[in-house]
Amino acid sequence: MTFGEQNSLSQSFRLLDEAFHAGINFFDSAEMYPVPQRAETQGRSEEFLARWIRGRKIPRDRVVLATKVSGPSGQMTWIRGGPNSLDAKNITMAIDNSLMRMQTDYIDLYQIHWPDRYVPMFGETDYDPSRQFCSVSIEEQLDALSRAVDAGKVRYVGVSNETPYGIMKFLQVSEREAWYPKIVSVQNSYSLLCRTFDSGLAECCHHEGINLLAYSPLAMGILSGKYFAPDGGPADARLNLFKGRYIEGESRYNLSNSMIKAATMEYLGIAKKHGLHPVSLAIAFVLRHPLVASTVFGATRTWQLQEILNGCKVNLTPEIVEDINKIHARFPNPCP
């Protein structure tokens with residue numbers, strides 16, 4: 001989601017080369033990327049990914065491509081006029097546009113980026129019934145996705161930023177109408193600073209055979225510790241570079257939130273105590289979850305990618321996990 005904004009085409013190619021050569025083959029994008037979103041750059045992340053695959057002559061079956069359709073948004077008027085809703089027309093149009101930008105015949109995993117209905121998300125925690133608005137039925141959404149699967153445009157479908165209610169409704173509808181595809185994954189935030197997945201959603205996913213694609217495993221880079229350095233972190237770090245321009249990120253990853261800072265400093269202490277890099281601790285924690293199929297991260301520099309790859313090799317001991325859980329009990333989910 002940084003390709004086309006923070007990362008130039010050549011920088012994106014270099015990161016993709018190094019990731020692919022290290023064994024990474026799952027690449028996740030979205031029609032609205034890069035962020036912070038704006039009309040001039042919309043779709044570039046998908047385009048850069050496509051140009052890399054074509055330019056490097058990578059066989060299509062060597063990579064797993066995922067992308068997403070944007071839910072209702074009054075801000076992004078350049079995407080299908082809003083988009084106003086996730087009706088069949090919008091979903092179909094979004095799929096066709098992504099296929100064109102990604103220069104491919106099919107998308108391996110197509111996801112609904114956020115629900116068509118009102119749900120608390122991106123830093124919100126409390127459900128407010130008065131905010132519910134008229135929304136497109138899940139039946140219509142699954143029908144459009146089913147037609148895309150039947151046409152060979154999409155192989156599997158998933159959801160993102162979803163709730164236990166949403167997961168179960170999607171499953172209920174697909175069970176009732178056998179020709180509708182079953183969702184296979186949910187892409188939600190999961191990290192040392194956000195373990196809300198474990199409160200209800202994990203039980204749904206465990207019993208229904210749905211895996212978590214854990215995004216923001218470093219909590220927008222906060223868990224690296226860079227933002228709480230004496231100098232406030234590098235000027236080109238995302239929360240510094242786009243300060244005031246990235247509302248969704250800043251509302252959840254609020255650097256002035258004392259709970260976020262306190263929890264982060266405790267986790268940095270655990271990493272130091274056990275001789276681990278803070279990034280290794282954060283990545284290893286997410287990967288140890290039995291329901292995590294993959295962790296979705298956004299490195300913008302080669303050294304950041306290497307830190308994450310190093311974290312993939314770390315196995316946390318019971319003692320480390322116990323230390324983590326003690327901190328979580330004191331500072332539960334400061335970045336929901």
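The values are calculated or read from the model by the stated rules, or taken from the named source; none is laboratory data. Since the structure is predicted, the reported quantities are computational estimates derived from the model, not experimental observations. So basically every Cβ, Gly included, is an ideal-geometry build from the backbone, and we count neighbours across all protein chains shown. Ligands, DNA and RNA are excluded from the accessible area calculation, which covers all protein heavy atoms including side chains. Shrake-Rupley method; radii C 1.70, N 1.55, O 1.52, S 1.80 Å.
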Report, ordered by the first and then the second residue, all pairs with beta carbons closer than 8 Å, sequence separation of six or more or different chains, a first member in the range 1-14 that is without any contact (Cβ under 8 Å) to a residue 40 or more places away in the chain, and a second member that is part of a loop (DSSP other than H, G, I, E, B) and surrounded by 16 or more Cβ atoms within 10 Å (Cβ to Cβ). E5/P34; E5/V35; E5/P36; E5/T41
Conditions (1) open to solvent by less than 40 Å² (accessible area, probe 1.4 Å); (2) aliphatic (A, V, I, L, M); (3) touching a residue at least 40 places away in the same chain (Cβ under 8 Å); (4) more than 24 Å from G123 (Cβ to Cβ) -> V184 fails only (1)
Of the residues in the range 27-42, how many are acidic (D, E) and surrounded by 19 or more Cβ atoms within 10 Å (Cβ to Cβ)? 2
What residue, among those in the range 80-122 that are in contact (Cβ under 8 Å) with a residue 24 or more places away in the chain and small (G, A, S), is farthest from K169 (Cα to Cα)? S98
Counting only residues that are among the aliphatic types (A, V, I, L, M) and not in a helix (DSSP H, G or I), which one in the range 167-196 is nearest to K261 (Cα to Cα)? L193
Residues being open to solvent by 10 Å² or more (accessible area, probe 1.4 Å) and under 17 Å from the mean Cα position of the chain (by Cα): count how many of those fall in the range 59-79. 1
Given the condition within 20 Å of V154 (Cα to Cα), among the basic types (K, R) and at pLDDT 95 or above, answer yes or no: does some residue in the range 62-84 qualify? yes
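Per-residue answers, yes or no, for (1) open to solvent by less than 20 Å² (accessible area, probe 1.4 Å); (2) in a loop (DSSP other than H, G, I, E, B); (3) over 16 Å from F297 (Cβ atoms):
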{"residue": "L213", "(1), (2), (3)": "yes, no, no"}
{"residue": "G232", "(1), (2), (3)": "no, yes, yes"}
{"residue": "G244", "(1), (2), (3)": "no, yes, yes"}
{"residue": "E248", "(1), (2), (3)": "no, no, yes"}
Number of positions in the range 259-305 that are in a helix (DSSP H, G or I) and more than 23 Å from V35 (Cβ to Cβ): 19
Need the failing condition index for T77 against (1) in contact with a strand residue (DSSP E or B) (Cβ under 7 Å, 6 or more places away or on another chain); (2) free of Cβ contacts under 8 Å to residues at least 40 places away in the same chain; (3) not aromatic (F, W, Y), just the number. (1)
Checking the structure you have, find out if any residue of the range 43-58 is out of contact with any helix residue (DSSP H, G or I) (no Cβ under 7 Å at 6 or more places or on another chain), crowded, with 17+ Cβ neighbours inside 10 Å and not in a helix (DSSP H, G or I). no
In the range 81-93, the residues that are touching a helix residue (DSSP H, G or I) at 6+ places or on another chain (Cβ under 6 Å) and either open to solvent by 50 Å² or more (accessible area, probe 1.4 Å) or under 30 Å from F20 (Cβ atoms) (or both): I91, T92
On the basis of being in contact (Cβ under 8 Å) with a residue 24 or more places away in the chain and either within 18 Å of the chain's Cα centre (by Cα) or assigned to a loop (DSSP other than H, G, I, E, B) (or both), does V157 make the cut? yes
From the residues in the range 280-310 that are of a type in the set (V, I, T) and farther than 24 Å from A202 by Cα, which one is farthest from the chain's Cα centre (by Cα)? T302
